[in-house]
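Student: Got a structure here, written out as C-alpha cells. Questions coming.
The values are calculated or read from the model by the stated rules, or taken from the named source; none is laboratory data. Keep in mind that what you see is a predicted model, and the values were worked out from it rather than measured. Here Cβ is always computed from backbone atoms with ideal geometry, including for glycine, and neighbour counts include all displayed protein chains.
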Amino acid sequence: MRTFWCFMLATICSFFTPGVAQVTFTYSNLVERLYDLEYLATVPDLGEYSGNFSSYDRNSVYDEASNTYMQWSANNDGSGYIRKEGEDIVIFEKDGPGVIWRFWSALAATGHIKIFIDHSEIPVVDIPFSDFFERFNSDIPPMNLPNLVMILSRGRNHFLPVPYQKHCKIMLSKNWGAYYHITYTSFPEGTLLPTYTGSYSRDDCFALANADRFLGNRGYPEKTSAGEAKEAVLITLGPNQTKTIKEIAGNKALTSLKIRYDSLVTYGSNADFLKNIWLSITWDSDKEPSVMAPLGMFFGISEGSYPYRSLPLGLIGDMLYANWYMPFAEKAQLKLLNKGNRTYYFQCLMDVAPLKESANKLLRFHALWHDGNNLISNSAPVAGREIDWPLLKVTGKGRFCGISLHVENTWEDPELMAEDWWYGKWDQKTIDWWWGEGDEKFFVDGEKFPSTFGTGSEDYIGFAWSAEPPFPTFDSPFACQPYTPINGNGHTIVSRFHIADNIPFHESFEGYIEKYKGNKWGNNNRCLYDVVVYWYQQAEQAPE
C-alpha cells in the first residue's frame, strides 16, 4: 500500500507565501512516512535534512585550526549529552519544524524522560524512560505495537513520530539508564506539523494500528495497483555468462523484484548461487549500472538462505524480494552475471507500474557492493580518522537509505575456559572477539563534524550489548540480523534501513562506520567487512 506518491501527496492543504511553499501534515501523514517507499525517490527540498543525537563519547572532536580529528575512536559512548540543566541532562535540542522518527536505548531505566515542545516550560512527556518504550496512552504495558516499538536482542526501539513546530528539547533525569539515539528530520520553513501532546487521539491510534498491521504483513504480495504489469522470466545462466533478462521501456517504475530459487536443498547450502550470481541494473542511457551486487548481499542474506522479512528486502521460503521503488524515464536494463563455474536455474519476477509524471523529476535507486578496498584506496587520508571504514561517498542530491553489512569474524578458540558459559562476560572474557563497537558517522553536504555520530555498530542496527551472549537472530521492518553464529565465531549479516529517517543530501554524502578490529588480529584470526549500500541519487550521477 503506497499511500502517497511524492512529497506533495502527503499534503492535506497547500498554499503559498512569497518564495515559501507551505505544506500541512496530519499525524496520519507522518505515520505513513514510516512505510512510504515511493517518497525515497523524491528530490530533497531545500531545508530538508536529517541527523541524530546520541550519547557518543564527547572526547571525539574536530580541531578546525589543525584540521585534525582528536580521540576519534574514543569509546565511552554510554553517557554523553549536550549540557546539564540542574540535575537533568539535555540530550536533544532542535528548532522546528521537525519530526523525531526513532528513539533507541540499550538500557532504559527508571529516570524520567522529559519532552518539551515549542518552548513550553511544562513537558508533554514526563515518565520513566523505560515506560516510554512500554506504555501507550493509558494501556496496560507492554506497548502493543510490535512492528513500531520493538526489542531487538536487548535494544529498545521506538518508531512513533514526535513532531514539533518551533522547537523540541528532551531531557533525562538521574538513573535514566545508558546509551541513546534520537533520529530526526528537519523540514523546510513553512511546513505545518500537528501538535504533539504526548498522548494519541482516536485518529492517531488508528493510523498507528494500520501502520503496525501493514508492517506486520511486510514482504507478502500487495494488491496490484492500476496499470501495474507483472512478468516472470525463467533463467538458465551458465558459467561466466552474462545475460540481459529484461529491458523495460517507458516512463515507469520497477516496484518489486523477486528471485525464486530451489528451496528443497539443505538449509544454508545455496552459498555458491547467492555469492556468484550478481544483479546489474542500468537506468536510462547511463554508461554504468546503478545496481551492482551479488544476489545474497543485495537481498541482505549474504551467502546463506536465512529467512527474514524487512520492509524493503527479505527472504520468504524460496523467494527473495526487493520492494525498493525504482523509477526510470526511458528504460531499465536488468542483467544477471554468473561469476561461478556451474550452471544455475531460477526465476525472476518483476512488477512494473506506469508513472503519472516524468521520472526526470525523481531520483534513481542505487545499490553498490564493496569490501572497502576501492573506497579506502580512493580516499585521501584524514588525520585522526584511521578507524573510519567507508560505506559510501557521493556528490549531488539524493537520500541515503541504509546498508546490509556482512562481517566475517573468525578466531581460534582460546585454551582457557571461562568461568561463565561461552567465553565469559564483560572484562572477564578469555578472548576479546567482539567486532561491533564501531560508531556510524554520516557527513552531509561537506560537514567537518558528522550530523550523525553513533555509539556502536549494534546500536546503529537497533540491538544492544551484543558482545555478550546469547545471540538471537531477529527481523523487523527497519533492522534485521538474519544470521549470526551461536558462539559469534563465523559469519554475521545485519541490515539497517532508513525509510522515514532517510538522510537527504543536497551536495554530498559521506558515510563511515568505525572498524576496531583489523583484517587480521591475533593468531590466525580475521575480521573482514563487505557491504551493500542503498541510496537514491539524481540521474547520471555516480559514487566516487
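Student: Do we have PHE497 as in contact with a Leu (Cβ under 7 Å, 6 or more places away or on another chain), modelled with pLDDT of 95 or more, among the aromatic types (Phe, Trp, Tyr) and under 21 Å from ILE387 (Cβ atoms) here? Spell out the reasoning first.
Tutor: Numbers: in contact with a Leu (Cβ under 7 Å, 6 or more places away or on another chain): yes; modelled with pLDDT of 95 or more: yes; among the aromatic types (Phe, Trp, Tyr): yes; under 21 Å from ILE387 (Cβ atoms): no.
No: the conditions fail for PHE497.
Student: Go through region 457-478 and give me each residue that's closer than 28 Å to ARG364 by Cα and crowded, with 24+ Cβ neighbours inside 10 Å.
Tutor: Result: SER457, TYR460, ILE461, GLY462, SER476, PRO477, PHE478.
Student: Same structure again: Just one of ASP131, ASP139 is closer than 27 Å to ASN76 by Cα and without any contact (Cβ under 8 Å) to a residue 12 or more places away in the chain; which is it?
Tutor: ASP131
Student: If you go through region 223-266, how many residues are of a type in the set (Gly, Ala, Ser), at pLDDT 90 or above and under 30 Å from the mean Cα position of the chain (by Cα)?
Tutor: Selection size over region 223-266: 4.
Student: On to the next question. Identify, please: which residue in region 307-320 is closer than 14 Å to ARG260 by Cα and assigned to a loop (DSSP other than H, G, I, E, B) and is, among those, modelled with the highest pLDDT?
Tutor: Checked region 307-320; the qualifying residue modelled with the highest pLDDT is PRO307.
Student: Can you find a residue in region 289-303 that is modelled with pLDDT under 95, farther than 12 Å from LEU336 by Cβ, in contact with a His (Cβ under 8 Å, 6 or more places away or on another chain) and of a type outside the set (Lys, Arg)?
Tutor: Yes: region 289-303 contains one or more residues that are modelled with pLDDT under 95, farther than 12 Å from LEU336 by Cβ, in contact with a His (Cβ under 8 Å, 6 or more places away or on another chain) and of a type outside the set (Lys, Arg).
Student: If you don't mind, another one. Among SER60, SER73, SER66, which is buried (at least 16 other Cβ atoms within 10 Å of the Cβ) and either farther than 27 Å from SER186 by Cα or outside the structural domain of PHE129 (by TED's automatic domain parsing) (or both)?
Tutor: SER73
Student: Of all residues in region 93-126, which are hydrophobic (A, V, I, L, M, F, W, C) and touching a His at 6+ places or on another chain (Cβ under 6 Å)?
Tutor: Answer for region 93-126, where residues must be hydrophobic (A, V, I, L, M, F, W, C) and touching a His at 6+ places or on another chain (Cβ under 6 Å): PHE103, TRP104.
Student: Does LEU336 count as out of contact with any His (no Cβ under 7 Å at 6 or more places or on another chain) and either crowded, with 19+ Cβ neighbours inside 10 Å or aromatic (Phe, Trp, Tyr) (or both)?
Tutor: Yes.
Conditions tested, residue by residue: (1) among the aliphatic types (A, V, I, L, M); (2) touching a strand residue (DSSP E or B) at 6+ places or on another chain (Cβ under 7 Å).
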residue: ASP57; (1), (2): no, no
residue: ASN67; (1), (2): no, no
residue: MET70; (1), (2): yes, yes
residue: ARG83; (1), (2): no, yes
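Student: Just name the residue that is farthest from GLY518 (Cα to Cα) out of those in region 73-99 that are of a type in the set (A, V, I, L, M, F, W, C) and in contact (Cβ under 8 Å) with a residue 40 or more places away in the chain.
Tutor: Among them, the one singled out is VAL99.
Student: Filter region 221-254 for residues that are free of Cβ contacts under 8 Å to residues at least 12 places away in the same chain and under 24 Å from ASN360 (Cα atoms) and give the result.
Tutor: ALA226
Student: I'd like to check something: does region 188-196 contain any residue that is modelled with pLDDT of 95 or more, more than 30 Å from TYR344 (Cβ to Cβ) and in a strand (DSSP E or B)?
Tutor: For region 188-196, residues modelled with pLDDT of 95 or more, more than 30 Å from TYR344 (Cβ to Cβ) and in a strand (DSSP E or B): present.
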